[in-house]
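Input: a single structure, listed below in structure tokens.
Here, each number is a calculation from the coordinates, and none is a lab measurement. Just so it is clear, the model here is predicted, and its values are computed rather than measured. When we count neighbours, we look across all protein chains shown, and the Cβ atoms used for this are built from the backbone with ideal geometry, even at glycine.
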């Protein structure tokens, strides 16, 4: 006689353990790399922009605008808004927002490193690490079955909050301190 042993899949908060741990590792790894890596002062060419700072400010502005689309489309998908918005809008605005952050993050980490001498820059550095960590956790939790219903709204809200903080400490600061330039 053979006995079949069925393994129970973890449900609830246990399902989130791996995504949260990997997300935390990503955040810490970025911070450690940013701190230990000797800044080069240059990372990517500011194609079409007058310099690296305007490039970073405008790309961050684009990611911020797309993050607002993310929140509105998520609210629609969860039935919190009376207007129907296709889930494709949510997926693609998120993908595009993430893509816009990549050259910015690469420049920040490679050219500047994690800095802590100015409070705004420290907050920006920590928020950048946190954003990529929580984004990683959200993407890993997305396909998991059995996650609590609050998982995606909380992780998405944290990613949005981090991106707003990044926007405030970079693009908003740049446009209000330096001025609007390309």
Pairs of alpha-carbon atoms within less than 8 angstrom and 6+ residues apart define the contacts here; what relative contact order does the chain have, in percent?
37
Nearest-ten-degree value, helix 52-77 long axis tilted from longest Cα axis of the chain:
30
Given the Cα-Cα distance of residue 17 and residue 150 and 0.36 nm per residue of separation, how much length would full extension add, in nm?
46.4 nm
Between residue 172 and residue 75, how high is the FRET efficiency from 1/(1 + (r/R0)^6) when r is the Cβ-Cβ distance and R₀ = 30 Å? Nearest 0.05.
0.80
Looking at the range 25-118 from every direction and averaging, what is the projected area of its Cα convex hull in nm²?
8.0
Using the Kirkwood radius over Cα pairs, work out the Stokes-Einstein diffusion coefficient for the range 91-182 at 25 °C and 0.890 mPa s, in µm²/s as a whole number.
170
Determine which residues of the range 147-175 fall in the zone a paramagnetic label at residue 50 would reach in this model, i.e. backbone nitrogen under 16 Å from the point 7 Å along Cα→Cβ.
174-175
So what's the angle, to the nearest 10 degrees on a 0 to 90 scale, between helix 151-167 and the longest Cα principal axis of the chain?
0
Suppose only helical runs count, i.e. DSSP H with n ≥ 4. What mean residue ellipticity at 222 nm does that imply for the chain under -39500 (n - 2.57) per run, divided by all residues and rounded to the nearest 500 deg cm²/dmol?
-20500 deg cm²/dmol
